[in-house]
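Input: a single structure, listed below in structure tokens.
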Amino acid sequence: MYEVELMKNKTFILTIALSLTVGVFSFNTHYSLQEEKIVSYSVDLKAYDVKLYWKDDKGSTLNSIQNLKNYLDKNKLNLVFAANAGMYKADHSPQGLFIQEKKLLAALDTSSGGGNFYMKPNGIFYITTDNKAAICETGKFIHSGQINYATQSGPMLVIDGSIHPAFKEGSANLNIRNGVGILPNNDVVFAMSKEKINFYDFANYFKSLGCKQALYLDGFVSRTYLPEKNWVQTDGNFGVMIGVTEKK
């Protein structure tokens, strides 16, 4: 009887040890992906200002993160994060919807075409006048008049908790990518791959964080400014950009 009980105890201990090992492995795998392949930044909109920028006060397109930083420095705002905020046309005007400070500066694009932007469903990342962030499919977007900032891009990465059905696991379509998602606590998470990655793996990163909705922003031109993680890219030649600043 003693030997039987001893074996049961050993089996129980081994089961616990294996469970802990699997848990640590899963955590390390996620941590490794985050730290080695993807640079990410989550932000609480109650603590920081998240805005979309396109032109300076003279009407000139800002274009680069460095120019955005210089512009904000002049306005005594401390930039803590920046990235390009979607696709743009040859003249650097926004491709698709762009709303800035409640002003509609570019119309919603519901047409069809080639390229990532038109991979349906595409979507909208927006911030309401009561400072709440959301992502929705283009076809479900309603311009309520209570939207402070909005940018349209495509494709959606995560839709209602599921990876975009067009993405294939193991796809050889690799590129630098950046995107945005909404976390379960309603914080916003921005992410950019440090190396080339396919759509499925990039979308799966947002899904692993618990994002029910996530949107692709752009590809190889993407840049991210995140000095708190020693990731500082201040070049670029963009249209609209995202800037996160400390609240005054």
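Look at Lys76 and say whether it is more than 25 Å from Val158 (Cβ to Cβ) and assigned to a loop (DSSP other than H, G, I, E, B). Yes, satisfied.
In segment 88-128, what residues are exposed (fewer than 15 other Cβ atoms within 10 Å of the Cβ) and either in contact with a His (Cβ under 8 Å, 6 or more places away or on another chain) or within 19 Å of Gly181 (Cα to Cα) (or both)? Correct list: Leu104 only. Would you call Gly181 touching a residue at least 40 places away in the same chain (Cβ under 8 Å) and closer than 23 Å to Ser208 by Cα? The answer is yes for Gly181. Among residues belonging to segment 139-185 that are of a type in the set (Gly, Ala, Ser) and over 22 Å from Glu101 (Cα atoms), point out the one that is surrounded by the most Cβ atoms within 10 Å (Cβ to Cβ). The selected residue is Gly154. Per the conditions (1) at pLDDT 95 or above; (2) closer than 19 Å to Trp54 by Cβ; (3) of a type in the set (A, V, I, L, M, F, W, C); (4) crowded, with 24+ Cβ neighbours inside 10 Å, the sole criterion not satisfied by Val244 is (4). Consider Phe202 carefully, then state whether it is over 26 Å from Thr245 (Cβ atoms) and at pLDDT below 95. Considered against the rule, which asks whether it is over 26 Å from Thr245 (Cβ atoms) and at pLDDT below 95, Phe202 comes out as no. Taking the criterion of being buried (at least 19 other Cβ atoms within 10 Å of the Cβ), in contact with a helix residue (DSSP H, G or I) (Cβ under 7 Å, 6 or more places away or on another chain) and outside any strand (DSSP E or B), the residues of segment 192-232 that qualify are Tyr205, Arg223.
The values are calculated or read from the model by the stated rules, or taken from the named source; none is laboratory data. What you see is a predicted model, and the numbers here were worked out from it, not measured in a lab. Backbone-built Cβ (ideal geometry, glycine too); neighbour counts: all protein chains shown.
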